[in-house]
1. Kindly provide the set of residues from region 139-191 that are over 18 Å from Ser230 (Cα atoms) and within 14 Å of the ligand (Cβ to nearest atom), ordered by number.
2. In this structure, does Phe80 turn out to be touching a residue at least 40 places away in the same chain (Cβ under 8 Å), touching a Lys or Arg at 6+ places or on another chain (Cβ under 8 Å) and among the aromatic types (Phe, Trp, Tyr)?
3. Scan region 234-268 for residues that are under 27 Å from Thr138 (Cβ atoms) and surrounded by 14 or more Cβ atoms within 10 Å (Cβ to Cβ) and report the count.
4. Exactly one of (1) part of a strand (DSSP E or B); (2) under 29 Å from Leu235 (Cα atoms); (3) among the hydrophobic types (A, V, I, L, M, F, W, C) is unmet by Ile110. Its number?
5. So, in region 293-327, exactly how many residues are farther than 26 Å from Tyr246 by Cα and loosely packed, with under 11 Cβ neighbours inside 10 Å?
6. Kindly check whether there is at least one residue in region 21-33 that is in contact with an Asp or Glu (Cβ under 9 Å, 6 or more places away or on another chain) and within 16 Å of the ligand (Cβ to nearest atom).
7. Scan Glu7, Glu13, Glu45 and give me the residue that is of a type in the set (Asp, Glu) and touching a residue at least 12 places away in the same chain (Cβ under 8 Å).
8. When region 249-280 is examined, which residues are found to be part of a loop (DSSP other than H, G, I, E, B) and on the phi < 0 side of the Ramachandran plot?
Amino acid sequence: PNGVLTEYNPNYEFGGETYNLTDLKEIPRENLQLVKALGQGAFGEVYQGFFKQRAGDSVEMPVAVKTLPELSSNQAEMDFLMEALIMSKFNHANIVHFIGVCFDKHPRFIVLELLAGGDLKTFLRESRPKPERSSPLTMKDLLTCAMDVSKGCRYLEENHFIHRDIAARNCLLTTKGPGRVVKIADFGMARDIYRADYYKKGGKAMLPVKWMPPEAFLDGIFTSKTDVWSFGVLLWEVFSLGYMPYPGRGNQDVMQLVTNGGRLEPPTNCPAPVYGIMTQCWHPIPEERPNFATLLERVGYCLQDPEVVNAPLPVFQRPPSSERDVT
Ligand SMILES: C[C@@H](Oc1cc(-c2cccc(S(C)(=O)=O)c2)cnc1N)c1cc(F)ccc1N1NC=CN1
């Protein structure tokens, strides 16, 4: 019934085990109700909806549903399957929870927990100080976001899983309000490489160069220390409240700057110990960069440091043109 998926059924290795299509939890479509579109995913629309454990249940869980359009290539079908396999094996509080799939026929669905706070980059930009109100966030809030991501990254590192695209856009929040938890929620880049061992889609133009270390964009070398460099850039995104890294610069320019030792400047009001962690993530030699267990400790120290935690966030200042929202 699901055609191409069973014909090419790939294997997926994680944590020393091998999995395939038959290991995925199939959800009956009648237990799902799609409510509204959340936006375009890599394949098709992503919807917000509800899932009932049993069709008659009154309790329904809010979910996000990734859809694969009916008219998809075999390649896209296999990518979709691999993404489901990858997400289904993770088990960590700071990685989006996988609920199941509807792969019996088209359109195919991947069902995930709904993280109602939306993505981290949007949240940071919305939290910027405005003329009429200062930022609702504190340094503690920003460090806690960073701590959550470093916990998720440590879990991936422990499981020898290289993400390849750690960035604020790929992280989601359980809620925008206090008590928010940040989770890593997109594994598209790791999926592409897992299936192809090289980046086939858009080539260099599509690579997240601004989040990559020199050995990655120059020599295609990826290790967990690649993710550490990206985490440093995510830290810069958090403390700049969602700026695009290297404002006003293109990818070629950034590759040249970084190869020659250039680095991101400290965000306005960024406490020195926090910028110190960023620069350690950006060491030119991968082995000299801290691992995520160490990064988690160092972010933890910053959270215990009153000088860091009580430092004020920047007040409103008209952003440079490159950051002004195009309304
Ligand atoms: C696949 C999608 O997953 C989700 C999106 C949202 C979610 C995304 C945006 C806004 C809202 S909300 C605040 O309206 O509930 C919820 C909530 N939960 C998800 N599990 C996603 C995961 C990411 F890591 C990054 C972006 C997105 N998408 N895909 C399409 C739009 N965002």
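The values are calculated or read from the model by the stated rules, or taken from the named source; none is laboratory data. The structure presented is a predicted model; accordingly, all values stated were derived computationally and were not measured. Virtual Cβ from ideal backbone geometry, glycine too; neighbours counted across all protein chains shown. To get the accessible areas, we keep the full protein, side chains included, count just its heavy atoms, and leave off ligands, DNA and RNA. Shrake-Rupley method; radii C 1.70, N 1.55, O 1.52, S 1.80 Å.
1. Hits for region 139-191 are Leu173, Thr174, Thr175, Lys176, Gly177, Arg180, Val181.
2. No.
3. 17
4. Exception for Ile110: condition (2).
5. Of the residues in that region, 2 qualify.
6. Looking through region 21-33, at least one residue is in contact with an Asp or Glu (Cβ under 9 Å, 6 or more places away or on another chain) and within 16 Å of the ligand (Cβ to nearest atom).
7. It is Glu45.
8. Looking only at region 249-280, we keep the residues that are part of a loop (DSSP other than H, G, I, E, B), and these are 249-250, 260-271.
Residues satisfying the conditions are Arg249, Gly250, Asn260, Gly262, Arg263, Leu264, Glu265, Pro266, Pro267, Thr268, Cys270, Pro271.
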